[in-house]
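> Sharing a structure with you now.
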Amino acid sequence: MKIALFVPCYVDQFYPQVGIATLQLLEKLGCEVEFPLGQTCCGQPMANSGCEQDSVGTYHQFVRTFADYDHIVTPSGSCAYHVKKHFDIIEQTPAVRKVRENTFELIQFITDVLKVTHIGGTFAHQVGLHLSCHGQRGLHLANASEITPERGGQVSQILSTIGGLTLTNLTRNDECCGFGGSFCVTEEAVSARMGIDRLGDHLRNGTEILTGGDVSCLMHMEGIIRRQRWPIKVMHVAEILNQTLQSTTTIPKTLC
Amino acid sequence: MSHSDLAEKFNTDFDKTTWHDESLWFVRQKRDRAVFQVEEFQELRELGSQIKDHTLSKLDYYLEQFEANAQANGVVVHWAADAHEHNQIVLDIIKKSGESCLVKSKSMLTEECHLNPFLEKNGVEVVDTDLGERIIQFLDQPPSHIVMPAIHLKKEEIGEVFHKHLGTAKGMSDPQQLTEAARQHLRQKFMAAKVALSGVNFAVAETGGIVVCTNEGNADLGIDLANVHIASMGIEKVIPTLEHLAVFTRLLARSAIGQPITSYTSHFTKPRQGTQMHVVIVDNGRTAQLGRPDFRASLKCIRCGACMNTCPVYRRSGGHSYDATVPGPIGAILSPNIDLKKHSSLPFASTLCGSCSDVCPVKIDIHVQLYKWRQIVSKSGDYSASKRLAMNVLGRVLERPQIYGRIGKVARRMLQITPHALSHAAALNPWAKARELPQPPAESFKEWYGKNRK
Amino acid sequence: MLSRQKILGQIRANKPPELPSPIVPFFNENEGKINAVEKFGEVLRFVGGSFYELPAGETNPNAWLVRELKRLFPAAKSVVSSLSLGMETQTITPETDTSVLEGIDLAVLYGEIAVAENAAIWLPEAQMPHRAVPFITQYLVLVVKKESFVRNMHEAYQLIPKQNQTYGVFISGPSKTADIEQSLVIGAHGARGLTVFVV
Ligand code: SF4
């Protein structure tokens, strides 16, 4: 199984530790991971701004870079969703179809493809999980509160296997944080307000460490936390899992 | 003004924004409780969606069937291609009746057509009889929500309005007392009015009847005491049968306000002995929307307002920030069809979180349509040229890995050496008004990888 | 008529290929499991109405009704009813003047279908002395026979004849509004109270 790591553009530049944690985590899970150097971005910044046509070149570059791999794994639900959902405007060659089918958000890859649902180890903190909308609703990584009162989902499931870790019970489980790509600057006032409210829920309910599967949402909220000097630390879920997962676990060699 | 400008203004009052958000979230929670009690609710959503899809695909057939049955019932059916024609038809009916006062229950279509100012200009007194509508009519404001038109007002503000217009005691702001004052005031209007106008929630093709849903009973009271009933409906309000109506009566009030059904679900099929009933069927851009495959589904909307209550942006920017007849997520996909230039900022007034699509009782893919409208806006003349260029340049950088690598490094380095005051100047960088920028690391992941893995 | 042709023509030009019409089931798998009368009472209280069932052993429903009405509405002067209650009532017809209608304190009418899931009662024009009565009266009483209960709206609409409808309304609870700061107020424009008697 040939696995490629996709580290989105802004993660590459500003959050290299998330890329490192993702790589190490996958390696500890027994995967052989390559990081193809031709990668840049999934094209979302242009497309979400309404300039889909300007992202076509980036889409092709993405496909060129990753077409040879069985799986493309990324620590960003939003990027994975974008590849799956919005690469429909370019010609659907076998390579394009293959790449769209096999691009995975990290946790989804771990639970659905590697079939690992237990990470274990200890992490003695109260962790607040931010369900990023693209992962939650777009990739169905967690239930939507409009559809069912049952909370839960893949990320909280896997975090709950870690000793000492308590998950924050939020008042509004899946309210958007207000990042929204270009929204965070074009609608600065509402975006900031949404972030403040989202973090207020975490503060009131005791979150020490804020985590999630999307660096973009975390970057937005971290920006607010640092401005407000609130006592919350931000870690991508890959960083927590990589920290608690001590050694190589026994993933059957046939898988990886 | 664009949505973001109006939203920014709204947000200058932090506490009122909190209050507005919480009021609407409260309605969303009531909706959740009502919905989760119905085991088959998700099946009903799917049925509602399919019935609407089916009806739209045979819309001409069902409208003609509705018309024929309505006419057989003694109803006069009119067709209006646009807002102006609709308004003219309504005015003509009122004039012919010899009356000069109209009592009106809630109709978003007449808002869309700006009927009130038109009639007033022509000497007709219009009395909105829904409590919320009456309040904003006194204030000369448009509704800020399609189900709760005065949701943006605090009870003290409403007390003030009633004091001025109805002579209630100064400072009285108890909702119970205010509602009683409105009841007394509007009863007089109901007693006197001979012409009543209502909206239409559903028009049933097989019976030729229309269905109006209210909690207050104002539609019935107006219509049942008048000699002329005018019902205004968009072409998309028709549904085939009573079996289908059953599905929508189960979806509508639960989604809208968390009630199992509205207090009154009234079926007007034949005019009362000796009175007239008119139905005005209005297009006003709807057939054009029907012809846009990507946006056609917006015509399935049953105007429950759930997408507004759930929308984190609507809750924190208020209905008036949309500057459109229908605000919120559904308004943001309907309005560009009517006037792309005026409403070009609306598709961007969303994080594309998708909550609207998940809450919608007829499963309209609202957030997908918002994304698609963005693509259209960017190609129109109503998109900032500098942004257009920036996206184009960004696209070209991101398709060339070497250039991207070099630029990224330079940008990171610049951020490292730029003084905080400059990099965070709010005028240059909207991000930094309320947020810190990420701290630039010494090396990118790519650089780390080059050193540590290969 | 020009607009009619124009609108229909544009629809024909713009509509998508025909999509199937779904079959709407009755959603009555829980038949038997739900006591429709009980459920109805529960929901009615939730939507602000009150609910009385003919007590076991009571052999004269009419007398019970009159007793209860006198007890619950002692101040009602102008009473309208479509039932022969043997109480003093006012005669209302479709021709009755608005000024008379305005004075109605209490209307006692027969409801034809009662829906458990939402406490809605079907009141067709045949049960109304004048269309405005159920709305203009200060208080509304609906009397429903035990046999008239159904579980949900699918069953209810099956019982409503498609032909010869004139006017009819599903009434669920009293008139209400939440237009002022979301606080629920009973008695907006229509009846201030709804009481349901099951006989
Ligand atoms: S789009 Fe859906 S949720 Fe929004 S008002 Fe219409 S029916 Fe309700």
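> Which order do the peptides B:97-106, C:83-92, B:190-199 come out in when sorted by mean C-beta neighbours inside 10 angstrom, highest first? Don't skip to the answer; put the middle values down first.
Numbers: B:97-106: 20.6, C:83-92: 14.1, B:190-199: 23.0.
Highest to lowest by the protection proxy: B:190-199, B:97-106, C:83-92.
> Mind telling me which of A:ARG172, A:ARG64, A:ARG97 comes out most flexible in a GNM of chain A, alpha-carbon contacts under 10 Å?
Maximum fluctuation in the GNM of chain A, among the listed residues, is at A:ARG172.
> If you don't mind, another one. Roughly how big is chain A's charge dipole about its Cα centre, with Cβ charges of +1 (Lys, Arg) and -1 (Asp, Glu), in debye to the nearest 20? Present the calculation step by step, with values, prior to reporting the outcome.
Numbers: 20 positive and 25 negative charges, 81 e Å.
That gives chain A a dipole magnitude of about 380 debye.
> Which of rounded, prolate, oblate describes the range C:112-166, given a ≥ b ≥ c as roots of the alpha-carbon gyration tensor eigenvalues and a/c under 1.5 marking rounded, otherwise prolate only if a/b is larger than b/c? Walk me through the numbers before you get to the answer.
Numbers: a/c = 2.22, a/b = 1.32, b/c = 1.68.
Oblate, because a/c is 1.5 or more while a/b does not exceed b/c.
> For B:LEU197, enumerate residues with amide H under 5 Å from its amide H, sequence gap 5+ or separate chain, H modeled in the peptide plane.
Answer set, sorted by chain and number: B:VAL103, B:LYS104, B:SER105, B:ILE230.
> Taking only C-alpha pairs under 8 Å that are 6+ residues apart, what is the relative contact order of chain C in percent? Mind dumping the intermediate values first?
Details: 325 pairs, mean separation 48.5, N = 199.
In percent, rounded to a whole number, it is 24.
> Compute a Gaussian network model of chain A, connecting alpha carbons closer than 10 Å, and tell me which residue from A:GLU101, A:GLU150, A:GLU175 fluctuates the most.
A:GLU150
> Counting each DSSP H run of 4 or more residues in the protein assembly as shown as -39500 (n - 2.57), what helix-only mean residue ellipticity at 222 nm follows after dividing by all residues, to the nearest 500 deg cm²/dmol? If you can, show how the numbers build up before the last one.
On the way: 39 runs with 393 residues, N = 909.
Here the helix-only value at 222 nm equals -12500 deg cm²/dmol.
> Moving on to the next point. Quick one: order A:PHE14, B:PHE138 by neighbouring beta-carbon count within 10 Å, fewest to most.
B:PHE138, A:PHE14
> What length, rounded to one decimal in nm, is gained on full extension from B:ALA68 through to B:GLU157, with 0.36 nm per residue of separation minus their alpha-carbon distance?
Details: separation 89, 0.36 × 89 = 32.04 nm, distance 4.76 nm.
Contour length minus the Cα-Cα distance gives 27.3 nm.
> Hey, what angle do you get for helix B:366-379 against the long axis of chain B, alpha-carbon based, 0 to 90 degrees rounded to 10?
Taking the Cα atoms of chain B, the angle to B:366-379 is about 70 degrees.
> What fraction of the DSSP beta bridges in the range A:126-243 is antiparallel, stated in percent and rounded to the nearest 5?
Working: 1 of 9 bridges.
Roughly 10 percent of the DSSP beta bridges within the range A:126-243 come out antiparallel.
> A further question on this structure: Report relative contact order for chain B in percent, whole number only (criteria: Cα-Cα under 8 Å, sequence separation at least 6).
On the way: 720 pairs, mean separation 93.9, N = 454.
Value for chain B: 21 percent.
> Counting other beta carbons within 10 Å of each residue's own, what order do B:HIS86, B:HIS320 fall into, fewest first? Each step should come with its number before you reach the end.
Working: B:HIS86 27, B:HIS320 18.
Final ranking by Cβ density, sparse to dense: B:HIS320, B:HIS86.
> Which aspartates and glutamates, if any, have their Cα less than 18 Å from the Cα of A:LYS233, not counting same-chain residues under 8 positions apart?
A:ASP197, A:ASP201, A:GLU208, A:ASP214, A:GLU222, B:GLU436
> Counting only other chains, what is the mean number of Cβ atoms within 10 angstrom of the Cβ of each residue in peptide B:70-80? Numbers along the way, then the final one.
Details: counts 0, 0, 0, 3, 1, 0, 0, 1, 3, 8, 3.
The shielding value for this peptide is 2.
> Also: Under 5 Å between amide hydrogens, which residues at least 5 positions from A:THR166 or on another chain qualify, with H placed 1.01 Å from N in the peptide plane?
A:HIS125, A:GLN126, A:VAL127
> Sort A:42-52, B:28-38 by packing, meaning the average of other beta carbons within 10 Å per residue, with the highest value first.
Result, highest mean first: A:42-52, B:28-38.
> Continuing with the same structure: Starting from the Cα of C:LYS70, draw a straight line to each of the aspartates and glutamates and keep only those under 14 Å, dropping any in the same chain fewer than 8 residues away.
C:GLU88, C:ASP105
> What do you get for Rg/Rh over chain B if you use C-alpha atoms and the Kirkwood form of Rh?
Ratio of gyration radius to Kirkwood radius for chain B: 1.05.
> While we're looking at this one, here's another question. Once phi is turned into θ = phi - 60°, what whole-Hz ³J(HN,Hα) does the Karplus curve with 6.51, -1.76 and 1.60 give for every residue of the range B:248-256, x standing for Gly and Pro?
The phi angles translate into 6, 5, 7, 7, 4, 6, 4, 5, 6 Hz.
> Under the definition of partner shielding as Cβ atoms of other protein chains within 10 Å of a residue Cβ, what is the mean value for peptide C:159-167? Working shown, then result.
On the way: counts 0, 5, 2, 8, 2, 4, 10, 10, 12.
That works out to 6 on average.
> Spelling out what I want: for every residue of the range B:191-205, take phi, set θ = phi - 60°, compute 6.51 cos²θ - 1.76 cosθ + 1.60 (Karplus), and round to whole Hz; glycine and proline get x.
After applying 6.51 cos²θ - 1.76 cosθ + 1.60, I find 4, 8, 6, 10, 10, 10, 10, 10, x, 9, 7, 9, 10, 9, 4 Hz.
> List the residues, sorted by chain then number, that are 5 or more residues from C:PHE51 or on another chain and whose placed amide H is less than 5 Å from its amide H.
The answer is C:VAL196.
> Does chain A come out rounded, prolate or oblate by the C-alpha gyration tensor, with a ≥ b ≥ c the root eigenvalues, rounded set by a/c under 1.5 and, if not, prolate when a/b is larger than b/c and oblate if not? It would help to have the intermediate numbers written out before the result.
Working: a/c = 1.76, a/b = 1.14, b/c = 1.54.
Here chain A falls in the oblate category.
> Roughly what % antiparallel, to the nearest 5, for the DSSP beta bridges in chain A?
On the way: 2 of 19 bridges.
Percentage antiparallel, nearest 5: 10.
> Pairs of alpha-carbon atoms within less than 8 angstrom and 6+ residues apart define the contacts here; what relative contact order does the range B:54-123 have, in percent?
On the way: 23 pairs, mean separation 17.5, N = 70.
Contact order relative to length: 25 percent.
> Next question, about the same structure. Can you divide the C-alpha Rg of the range A:126-243 by 2.2 N^0.38 Å and report the result to two decimal places?
Details: Rg = 13.4 Å, N = 118, 2.2 N^0.38 = 13.5 Å.
Ratio of Rg to 2.2 N^0.38 Å for the range A:126-243: 1.00.
> Run the reach check for C:LYS146 against lysines, Cα to Cα strictly under 22 Å, same-chain hits fewer than 8 apart removed. What comes back?
Leaving aside lysines fewer than 8 places away in the same chain, those within reach of C:LYS146 are C:LYS33, C:LYS39.
> Using only the Cα atoms of the range C:44-199, build the gyration tensor, take square roots of its eigenvalues as a ≥ b ≥ c, and label the shape rounded, prolate or oblate: rounded if a/c is under 1.5, else prolate if a/b is larger than b/c, else oblate. Let's see the in-between values first.
Details: a/c = 1.16, a/b = 1.04, b/c = 1.11.
Rounded shape, in that the Cα axes give a/c under 1.5.
> Please list, in order along the range A:185-191, the HN-Hα scalar couplings obtained from phi with the Karplus expression 6.51 cos²θ - 1.76 cosθ + 1.60 (θ = phi - 60°), rounded to whole Hz, x for Gly and Pro.
Coupling constants for the range A:185-191: 10, 5, 10, 3, 5, 5, 4 Hz.
> Roughly how crowded by other chains is peptide A:51-60, in terms of the mean Cβ count from those chains within 10 Å of each of its Cβ atoms? Could the numbers behind the result be given before it?
On the way: counts 12, 8, 6, 12, 5, 2, 6, 8, 3, 1.
Mean partner-chain Cβ count within 10 Å for A:51-60: 6.
> Still on this model: Where Lys and Arg each count +1 and Asp and Glu each count -1, what net charge lies around B:LYS379 among other residues with Cβ under 14 Å from its Cβ? Write down the numbers at each step before the final one.
On the way: positive: B:LYS341, B:LYS372, B:ARG374, B:LYS387, B:ARG388; negative: A:GLU52, A:ASP54, B:ASP294, B:ASP382.
Summing Lys and Arg as +1 and Asp and Glu as -1 gives +1.
> In addition: Output the lone cysteines of chain B: those with no second cysteine's C-beta under 4.7 Å from their C-beta.
That list is B:CYS101, B:CYS113, B:CYS213, B:CYS301, B:CYS304, B:CYS311, B:CYS360.
> Going through the cross-link list B:LYS106/B:LYS372; B:LYS58/B:LYS363; B:LYS96/B:LYS194; B:LYS379/B:LYS433; A:LYS28/B:LYS451, which pairs have a Cα-Cα distance over 22 Å in this structure?
Details: B:LYS106/B:LYS372 31 Å; B:LYS58/B:LYS363 19 Å; B:LYS96/B:LYS194 12 Å; B:LYS379/B:LYS433 30 Å; A:LYS28/B:LYS451 20 Å.
Pairs exceeding the cut-off: B:LYS106/B:LYS372; B:LYS379/B:LYS433.
> Just C:SER172, C:SER82, C:SER183 to compare: in a GNM of chain C, with alpha carbon springs under 10 Å, which one fluctuates most?
The residue that fluctuates most here is C:SER183.
> Would you work out which of B:PRO149, C:ILE92, A:ILE224 lies farthest towards the positive end of the dipole of the protein assembly as shown, given +1 charges on the beta-carbon of Lys and Arg and -1 on that of Asp and Glu, about the Cα centre?
Farthest towards the positive pole: A:ILE224.
> Further question: Given the peptides C:60-68, B:61-69, C:126-134, arrange them by the average over their residues of other C-beta atoms within 10 Å, most packed first.
Details: C:60-68: 14.7, B:61-69: 20.2, C:126-134: 22.3.
The densest-packed peptide leads the list: C:126-134, B:61-69, C:60-68.
Bear in mind that the values in this text are calculations on the coordinates, not laboratory data. Since the model is a prediction, treat every value here as computed from it, not as a measurement. So basically every Cβ, Gly included, is an ideal-geometry build from the backbone, and we count neighbours across all protein chains shown.
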